[in-house]
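K.L.:
For reference, the structure I am asking about is given below.
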Amino acid sequence: MQKIRYWVVGGEYTSTDFETLIEGTERVVGPFESRSDAERTWRYLSEDHRPQAQVRFTIAQEPQGTMTA
């Protein structure tokens, strides 16, 4: 049985359209074994960057079958 892993990804974007990340601001945090652990980190990062309107983070679920034994 494979475990599902979660990652928190994001950074600062060029605009509030959130389409293009500014190079060098990318952040990838994880992996997390549970969604709740990832949500805690996402919440912390989001709150920490709240004054910066062009910074956004999201939770990504690792696709099934990408892990090796």
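All of the numbers you see were taken from the coordinates with simple rules; none came from a lab. Not measured: the values here are computed from a predicted model. Here the Cβ is made from the backbone with ideal geometry for all residues, glycine too, and neighbour counts use every protein chain on show.
K.L.:
Considering only the other residues whose Cβ falls under 14 Å of the Cβ of Trp42, what net charge follows from Lys and Arg at +1 and Asp and Glu at -1?
P.N.:
On the way: positive: Arg27, Arg35, Arg40, Arg43, Arg50, Arg56; negative: Asp37, Glu39, Glu47, Asp48.
Charge balance in the 14 Å sphere: +2.
K.L.:
Work out how much length Gln64 to Ser36 would gain on full extension: take 0.36 nm times their residue separation and subtract the Cα-Cα distance, in nm to one decimal.
P.N.:
Stretched out fully, the Gln64 to Ser36 stretch lengthens by 8.2 nm.
K.L.:
Next question. For Gln2 and Glu23, FRET efficiency with R0 = 22 Å and r from the beta-carbon atoms, rounded to 0.05?
P.N.:
With a Förster radius of 22 Å, E is 0.10.
K.L.:
Would you calculate a helix-derived [θ] at 222 nm for the chain, using -39,500 (n - 2.57) for each DSSP H run of n ≥ 4 and dividing by the full residue count, to the nearest 500?
P.N.:
Computed mean residue ellipticity for the chain: -6500 deg cm²/dmol.
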